[in-house]
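A.B. asks: Following this message is one structure expressed as structure tokens.
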């Protein structure tokens, strides 16, 4: 039953990668990249989360059904964020009375 | 294999199916957690877009060093948790219990540092409410509301995680798990890693705004 015992080196490697990415995100925050600061910060966070999900949480080695569950969950979250930003960021593009 | 018969519930064909069901069930719960924290993230994003200056001004009052240390502490706790699951998979009883207790210890360090940060905020009158006073944009109070709501909910999840992992460590020490049956360790690990992921997003969102 003990399927896919990963070598310890994978866990240490992911740990090191997560620490490096944390250092990078702190350093980049002190550079002025304009609107790109947010993009870089979120991108690094997504990469870190993906590493944790795929390796620490073993999703890479899990069944297809687990994949579907995980993907569906984050897809729903993206719908929430995409529709919200689509609304807020597009306000002011057209003059509509009552919208500030 | 009287041992595996003992841990196999009657409604599953075999331990593999039972393990699969446990993992899937935990993921179903974690998806509801994604959407729970997602609501907070969405509220945060809306007001950040509306009041970017107030968010940046308020964010400067968070301690970036303590935040970064806590991020490293939590990542380290995820490592010990992942190694604990591996210990259970390979049937190393003492190592598993030890690694689980290391995870608990790192979780407590995180909560301790968080408590220090919270007490600073109370002393500086940065907690939203009647005693809130901030030399800056009025909307900064919104940022601190999200700061306390998000880190507070995260800390609550940490406290629950610490209790769960302690219980699992005790069971592991008593030799309840084996390479055939370690689903509780794996599933608790999934929860712990999820709470780590939430913090991975909270750290840049709360501490690293407009630092240049």
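We did not get these values from a lab; they are worked out from the coordinates using the rules stated. Note that this is a predicted model, so its numbers are computed, not measured. Note that we place each Cβ from the backbone using ideal geometry, even for glycine, and neighbour counts take in every protein chain shown.
A.B. asks: Counting only other chains, what is the mean number of Cβ atoms within 10 angstrom of the Cβ of each residue in peptide A:81-93?
C.D. replies: For this peptide, the per-residue mean of nearby foreign Cβ atoms is 2.
A.B. asks: I would also like to ask the following. Return the single residue from A:27, A:85, A:51 with maximal mean-square fluctuation; model: Gaussian network over chain A, springs between Cα atoms under 10 Å.
C.D. replies: A:85
A.B. asks: Express in % the proportion of alpha carbon pairs of region B:49-152 at distances exceeding 25 Å.
C.D. replies: Working: 2070 of 5356 pairs.
Every Cα pair in region B:49-152 considered, those over 25 Å come to 39 percent.
A.B. asks: In cubic angstrom, how much convex hull volume per residue do the alpha carbon atoms of chain B span? Please list the in-between numbers first.
C.D. replies: Values: hull volume 26.2 nm³, N = 212.
Taking the convex hull of the Cα positions in chain B, it is 124 Å³ per residue.
A.B. asks: Picking from B:83, B:15, B:108, which is most flexible by a Gaussian network model of chain B using Cα springs under 10 Å?
C.D. replies: B:15
A.B. asks: Return the Cα extents of chain A along principal axes one, two and three, sorted largest first, each rounded to a whole Å.
C.D. replies: Between the extreme Cα coordinates on each principal axis of chain A lie 64, 37, 11 Å.
A.B. asks: If you don't mind, there's one more thing I want to ask. Say each of residue A:96 and residue B:94 gets a label point 7 Å from the Cα, pointing the same way as Cα to Cβ; how far apart are those two points in nm?
C.D. replies: Going from the residue A:96 label point to the residue B:94 one covers 6.7 nm.
A.B. asks: In peptide B:197-209, how many Cβ atoms from other protein chains are near each Cβ within 10 Å, on average?
C.D. replies: 5
A.B. asks: Among B:121, A:8, which comes first, then next, by fewest other beta-carbon atoms within 10 Å?
C.D. replies: Values: B:121 17, A:8 11.
If I rank by nearby Cβ atoms, fewest first, I get A:8, B:121.
A.B. asks: Let me ask another. Per DSSP helix of 4 or more residues, -39500 (n - 2.57); summed, then divided by the residues of chain A. What does that give at 222 nm, rounded to the nearest 500? The partial results should precede the final answer.
C.D. replies: Values: 3 runs with 65 residues, N = 100.
Value at 222 nm, helices only: -22500 deg cm²/dmol.
A.B. asks: Quick one: what Rg and Dmax do you get for the protein assembly as shown from the alpha carbons, in Å?
C.D. replies: Expressed in Å, the Cα Rg and Dmax of the protein assembly as shown come to 21.2, 74.
A.B. asks: Just to verify a number: FRET efficiency for residue A:87 and residue B:125, C-beta to C-beta distance, R0 = 25 Å, to 0.05? Walk me through the numbers on the way to the answer.
C.D. replies: On the way: r = 34 Å, r/R0 = 1.37.
In this case the efficiency is close to 0.15.
A.B. asks: Sticking with this one: Quick one: B:147, B:118, fewest Cβ neighbours within 10 Å first, how do they rank? Could the numbers behind the result be given before it?
C.D. replies: Working: B:147 26, B:118 17.
Ordered by Cβ neighbours within 10 Å, fewest first: B:118, B:147.
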